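The values are calculated or read from the model by the stated rules, or taken from the named source; none is laboratory data. This structure is a prediction, so every number in the text was calculated from the model and none was measured. Cβ: placed from backbone, ideal geometry, glycine included. Neighbour counts: every protein chain shown. All accessible areas refer to the heavy atoms of the entire protein, side chains included, with ligands and DNA or RNA removed. Shrake-Rupley method; radii C 1.70, N 1.55, O 1.52, S 1.80 Å.
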Amino acid sequence: MKRGLLVALFASAGIIACQPASQAVKQEKQTLSAQAKTQEKVDKAQLFRKALNAQDKWQKACSNPTQIAPEGVDVAQFIKEMKETIKYPKDGKLVGDWKKGESLALLPKEYKALYGTKGGSRKGNCYACHCGDPRIIACGNIGPSLRGYGNKGIDPKLTYDRIYNSWAQVPCSTMFRFGYHGLLSPEEIAHIVGYLHDPESPINK
Amino acid sequence: MRKVILASLLGGALLFSARAESPTPEQLQILKEMGVSPADVIIEEGREYYHNLKGTTGKTCASCHGQDGDGLVGAYAKMPRYYTDIKRVADIDLRIKSCLEKYVGVDASGKKGRKIIVPLAGYVATLSNGMPISVELKHPEEKRLYEYGKELWFKRVGARDFSCAICHDVLAGKRIRLQKLGAPVRDKLYAHWPAYRISKDKLWTMEDRIRGCYKSFFLFDPDKGKFDFKKNWVKKPPFYIEEIIALELYMKRAANGAKIEVPGLLR
């Protein structure tokens, strides 16, 4: 009884954003002299610091204890600057193919569980924070549920902009700026907009 | 050995469920009722190293700090702190590494080093069980690093615009997937670190925890352009750097007064 309970309790699937060391298997070349090793360590520390210092000015404005209210900048100006970063697909189509969008929104694991075939991507990771497709149970509750999102009459352009650069609508939002950071291309974002708006998408069915 | 204990405790299945929900207090209670914490074996390993591990100097930890850790009772409650012999603020990991290399004469670098340092850290931390965390900020270096840690806690950066505070102040109590986000600062969670992670069958020090969390930031080298999974991902800070120790100082200072109960038991 106890055993069954524990197994059930601990074995529920879920993929977390904050992942530990496992796959970072660094091959240490045994030929490296102690000195070269020290140098390598110094380089790694410097690289990490460089990455930490690559903060942009909007991130800086959001780094106060509130975390969600920009400081030291004019909010209207902040939004204006963020809007200016948004780029659109070359063909101008903001609503793409929902099936492609689904594959970008789901992790490979989730995709396989649903369809038994290869697909999915680490790029979107939407279900880390949102629920939506009711078949995906391991979904987060950080953002609002996207269930039936396409039936609400929201302008797809707003959705596009929201995913490209959420900070153009909600400064300092916890939802990161997918297009701005290049995590998703304009075409990919259009496909995800399709996934959210298309009546055939599992989000809306 | 450890795996055998775990497997018999939990029917084996647990070992293969690499990702799972945080255990509730009731679940942990069940483990406690079973009478063994799987972490005990690792702590025992640490105790063994403490008394018997010898390097080029012929000394052991016990030669300097006494049988059964007599001289280290309460030491962990005050870490991280400034140490004059190494002229640095050290957390438990770096303190032990320095002792191993300077006084015992054992190479404690890299992955091999972690295999000795982590059990020792677990053992030394248990010597402060029941005592309140009491991090003081006396030395100027301690003050400087505390302020730096606070800055890093709130610093939003990387291709995901994350900060520690986003997940652990703003979103605390919410779930990423099925993972509940804790509030280490507000809820003084430092009191149960180092912690045994059931899903990994590993003891983790706070250094391991912070490195894991930084991986989720998607930090990148700005000179190489934008973030890229394969070509431009600065995954984790190297062990023992001052950024990690600064964050520890910030979080542990916030946990002052909390009673140390280690090793913690986490999913």
With respect to residue A:51, is the statement that it is under 30 Å from residue B:111 (Cβ atoms), touching a strand residue (DSSP E or B) at 6+ places or on another chain (Cβ under 9 Å), assigned to a helix (DSSP H, G or I) and of a type outside the set (Val, Ile, Thr) true? yes
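When you look at residue B:150, is it within 11 Å of chain A (Cβ to nearest Cβ), open to solvent by 10 Å² or more (accessible area, probe 1.4 Å) and either among the polar types (S, T, N, Q) or within 16 Å of the chain's Cα centre (by Cα) (or both), yes or no?
In short, no.
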Could you pull out the residue among B:224, B:259, B:202 that is more than 27 Å from residue B:73 (Cβ to Cβ) and surrounded by fewer than 21 Cβ atoms within 10 Å (Cβ to Cβ)? B:224
Confirm whether residue B:194 is closer than 27 Å to residue A:175 by Cα and modelled with pLDDT of 95 or more. no
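Yes/no per residue for (1) at pLDDT below 95; (2) facing chain B (nearest Cβ under 8 Å); (3) within 25 Å of residue A:173 (Cα to Cα):
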site: A:11; (1), (2), (3): yes, yes, no
site: A:16; (1), (2), (3): yes, yes, yes
site: A:30; (1), (2), (3): yes, no, no
site: A:45; (1), (2), (3): no, yes, no
site: A:53; (1), (2), (3): no, no, yes
site: A:75; (1), (2), (3): no, no, yes
site: A:79; (1), (2), (3): no, no, yes
Which numbered condition in (1) surrounded by 20 or more Cβ atoms within 10 Å (Cβ to Cβ); (2) within 14 Å of another protein chain (Cβ to nearest Cβ); (3) not in a loop (DSSP other than H, G, I, E, B) is the only one that residue A:101 fails? (2)
Which residue is nearest to the chain's Cα centre (by Cα), if the candidates are limited to the stretch B:211-235 and must be in a loop (DSSP other than H, G, I, E, B) and more than 7 Å from chain A (Cβ to nearest Cβ)? B:217
If you take the residues of the stretch A:104-123 that are under 30 Å from residue A:70 (Cα atoms) and in contact (Cβ under 8 Å) with a residue 40 or more places away in the chain, which of them is surrounded by the fewest Cβ atoms within 10 Å (Cβ to Cβ)? A:123
Assigned to a helix (DSSP H, G or I) and either polar (S, T, N, Q) or not assigned by TED's automatic domain parsing to the domain that holds residue A:168 (or both) - does that describe any residue in the stretch A:114-134? no
Can you say whether residue A:147 is of a type in the set (Lys, Arg), without any contact (Cβ under 8 Å) to a residue 60 or more places away in the chain and either more than 20 Å from residue A:188 (Cβ to Cβ) or assigned to a helix (DSSP H, G or I) (or both), as far as the supplied structure shows? yes
Filter the stretch B:153-187 for residues that are of a type in the set (Val, Ile, Thr) and open to solvent by 10 Å² or more (accessible area, probe 1.4 Å); which is farthest from residue B:86 (Cα to Cα)? B:176
